[in-house]
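This report concerns only the one structure given below.
The values are calculated or read from the model by the stated rules, or taken from the named source; none is laboratory data. Computed from a predicted model, the values in this text were never measured in an experiment. Don't worry about glycine lacking a Cβ; one is built from the backbone with ideal geometry, like all the others, and counts go over all protein chains shown. Just so you know, the surface numbers come from the protein's heavy atoms only, side chains and all, with ligands and any DNA or RNA stripped out. Shrake-Rupley method; radii C 1.70, N 1.55, O 1.52, S 1.80 Å.
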Amino acid sequence: MEISLKNLNFGVPAAERDDDLISCFVITESYQNITKGKKCIVLGNRGTGKSAVFRKLADEEKAKNNIIIQLAPEEYSYELLSNTLRKEMEGSWAKHGAYSAAWKYLIYVTIMKNLSHQGKRFKQGPEARIYNYLRDQYAGTDTNPIGMLISYLKRMEGIKIGKYEAAIKTAELRRLYSLEEIEPLINDIEAACRNKKVIVLIDELDKGWDASEDAIAFVSGLFQAAVSINNKLNSVKILISLRKELYENIPTLYEDAQKVRDIIETIEWDEPKLLELIARRVIKKLPGLQLDSYENIWNSVFSEVLDYRQTKSFNYIVDRTLYRPREIIQYCNDVAEYSRRMLIPPPLPFNYKHIAEAEYGYSESRLKDICAEYRFQFPGLQSLMETFRGQSYNYDRESLEDHLLKVIVGEFQISREASSWCGSLDPETLVDILWSIGFIRAQAVGGLKARRRSGSEYLGSHQISSLNLRNIKRFHVHPMFRSYLGLKESKA
Ligand SMILES: Nc1ncnc2c1ncn2[C@@H]1O[C@H](COP(=O)(O)OP(=O)(O)O)[C@@H](O)[C@H]1O
Ligand SMILES: [Mg+2]
């Protein structure tokens, strides 16, 4: 059967809106690690599939009749927190601990509410005690989660900052920190679960993120609460996802987590899995296609070898990503979209011309997206990238450090935001930063083991987790950024 360009679509950018996610889901090693064992923190860059993992997990667990609780993004509001709560300085109250207690409170109450909505009423036993507690505390009120969290924090804040006698203050605070109110019900929660599990999924904590004191305490308090509840209750499992770069920039979190490394899973992809991801979607959209190897399915849409240096089309495309599903989906969609708009839409498979024509737009949107992703850690990053415009993409260490030194001393114009952090660094550190965000790749020397099957001898931070960068002599700008920046191969 003739496969048609008209129906060709490789997916959508976000898992929440992806109707094909469950039927096209790719089981990665990360996913397997998350489903078994005690992983409760899922880390990943934007578009690596954090929400996808949670959706798939929710689907699987529902099928097993377990209870799924999802805390939705609209319900956190960092701005609201900052506006509502006093600053740490004002009342010298340790917010991290307060948030952790408030989170535990919120999660326990939410679980109890869900349990009491299940099935029949009990006259006695754990279900009845939970029901009675909720009835007495929350009769007629329908507090949203963030409201519940804030009111618990407010109670603590009121005592800390209020004018009470010291002894009363301590006693009251201890009651709140130790969740005295619900402590007696915790065993009832476990008992009421019986053969069920309760899975609490908390995603998109980065939405509305403003790096404020409250935002940081909110997230680190949640981590602590999750670890503590997961250890306490066998039938409850709390899973949190977080963008990797946010996680690395919350010192309390990062330090805490070093002690509990085995509960963290970082989502990672490799080339075969990304090929599978696209192939599964192609099969779905083009049902006339023969079920075949993933390679052959790919080749029915993109000609296998590009007339450009005999590169394989899959390698060419995957080489222009940081191994994130959202990127490869976007690039493939851009190629299809570009071709659809042509005066005479071409027959499949696409060739080098089609892939190359879509590259500039893709490159531009990826560069801007990466800069947006790092806007708190490295504000004004785009102006630093712009200093490379029109240059060659190959650098030996000396010429790269030389370029960056010019940036640091202001010989290349960068934005004021960017010079606020660049200006105080040395070139070597800037090299590390550019490598960690994926802008440059390092020439691999020796038998380095990396998640790469093909393509270039240069490796990016998405392909190899530990690399002693200081020993690297040659770098190049990652191909994803080249088209937009108009980079050329050096003649040397
Ligand atoms: N394991 C997977 N199998 C199939 N598609 C996936 C998988 N992981 C991610 N995707 C797809 O990639 C895109 C980005 O994933 P998403 O979960 O939204 O990323 P994140 O939440 O990390 O930003 C979505 O379209 C999603 O459906
Ligand atoms: Mg998401």
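Of all residues in region 199-244, those that are part of a helix (DSSP H, G or I), under 24 Å from ARG46 (Cβ atoms) and either open to solvent by less than 10 Å² (accessible area, probe 1.4 Å) or of a type outside the set (D, E, K, R) (or both) total 11. Against the test of being part of a loop (DSSP other than H, G, I, E, B), over 24 Å from LEU115 (Cβ atoms) and of a type in the set (D, E, K, R), the options LYS196, LYS169, LYS163, LYS154 yield a single qualifying residue, LYS163. LEU322 meets the conditions (1) out of contact with any strand residue (DSSP E or B) (no Cβ under 8 Å at 6 or more places or on another chain); (2) in a helix (DSSP H, G or I) in every case but one. The failed one is (2). Note on region 338-424: enclosed helices (runs of 4 or more DSSP H) holding 3 or more residues that are farther than 30 Å from ILE317 by Cβ, assigned by TED's automatic domain parsing to the domain that holds PHE475 and open to solvent by less than 60 Å² (accessible area, probe 1.4 Å) are 397-409, 416-422.
Here region 15-47 is the region considered, the condition is being loosely packed, with under 14 Cβ neighbours inside 10 Å and closer than 25 Å to TYR294 by Cα, and the residue that is nearest to ligand 2 (Cβ to nearest atom) is ARG17.
Residue-level check: of (1) in a loop (DSSP other than H, G, I, E, B); (2) modelled with pLDDT of 95 or more, TYR108 misses just (1). Looking only at residues in region 4-42 that are among the hydrophobic types (A, V, I, L, M, F, W, C) and near ligand 1 (Cβ under 6 Å from one of its atoms), the one that is nearest to VAL282 (Cα to Cα) is CYS24. Please determine whether any residue of region 259-269 is in contact (Cβ under 8 Å) with a residue 60 or more places away in the chain, assigned to a loop (DSSP other than H, G, I, E, B) and open to solvent by 60 Å² or more (accessible area, probe 1.4 Å). The answer is yes; a qualifying residue exists. Considering every residue within region 438-459, establish whether at least one is closer than 26 Å to ILE216 by Cα and in contact (Cβ under 8 Å) with a residue 12 or more places away in the chain. Yes, region 438-459 contains at least one residue that is closer than 26 Å to ILE216 by Cα and in contact (Cβ under 8 Å) with a residue 12 or more places away in the chain. Restricting the first member to region 4-26 and to residues that are in contact (Cβ under 8 Å) with a residue 24 or more places away in the chain, and the second to residues that are open to solvent by 60 Å² or more (accessible area, probe 1.4 Å) and within 6 Å of ligand 1 (Cβ to nearest atom), the beta-carbon pairs closer than 9 Å and six or more apart or on different chains are GLY11/ARG326; PRO13/ARG326; ALA14/ARG326.
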